[in-house]
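Worksheet: one structure, shown below.
What follows draws every value from the coordinates through simple rules; no lab data is involved. Fair warning: this is a prediction, and the values are worked out from it, not measured in the lab. Backbone-built Cβ (ideal geometry, glycine too); neighbour counts: all protein chains shown.
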Amino acid sequence: MGPRSTSRSISDDDLVVGYILGPHGIRGEVRIDPRTDVADRFRDGAVLMCDDIGPLTVAGVRGEVAKPIVRFSGYDSRVAAETLRRRFLRVARSESRRATTGAYLWADLLGARVETPDGAWLGIVRELLRAGENDVLVIADTSGRERLLPMLESVVKVVDLAAGRIVAVPQEDAG
């Protein structure tokens, strides 16, 4: 069994950055399904919160960025790594914000109201999708009708996180 520590408990404000699929090999490594755009999230020395386990320190990383194989300090056998199977890895929202300077966290955009530059209400952000190179806002109006807005400069003009507001020009209105 690996070490257990609960120096910081998991908070509702923590964001999922990965999912441990299961052990890889016999030296305590695990396969990770990353749920983050931060390229070095799984770097040596990074501390991640693991559901029902507590903080884990990355002791080694190899493999592809899209499917990294990670070793955590104190987990040096397949048996120890097995205890991590099917658990989420998280970071504090504040840590995610530091890692995404100049960008937005998806979690911060959910629930934002979307309006046109002249103040006409378009809806509320219900979901975000990854579509090729661009993220797409899924917004719903009061009737529940959904509209997709790509996160392009020509469409999304202002993101005001403090006010919970996004100003956008739907593509059908751009021209």
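Rounded to whole numbers, the Karplus 3J(HN,Hα) couplings from phi for the stretch 36-45 are 8, 9, 7, 4, 9, 4, 9, 7, 3, x Hz, using 6.51 cos²θ - 1.76 cosθ + 1.60 with θ = phi - 60°, and x at Gly and Pro. Listed peptides 51-64, 19-32 appear in the order 19-32, 51-64 once ranked by packing, highest mean of other Cβ atoms within 10 Å at the front.
For residue 87, nonlocal amide neighbours, meaning residues 5 or more places apart or on other chains whose placed amide H falls under 5 Å from its own, are 20. Can you give the local net charge around residue 22? Use residues other than it whose beta-carbon is closer than 13 angstrom to its beta-carbon, Lys and Arg +1, Asp and Glu -1. So the environment of residue 22 carries a net charge of +3.
Spatial offset of the stretch 48-69 relative to the stretch 136-175 amounts to 34 Å, using the alpha carbon center of each. Less than 5 angstrom separates the built amide H of residue 24 from those of 29, 30, 31, all sequence-distant by 5 or more or on a different chain.
For residue 59, the residues whose modelled amide H falls within less than 5 Å of its own, excluding neighbours fewer than 5 places apart on the same chain, are 45, 71, 72, 73.
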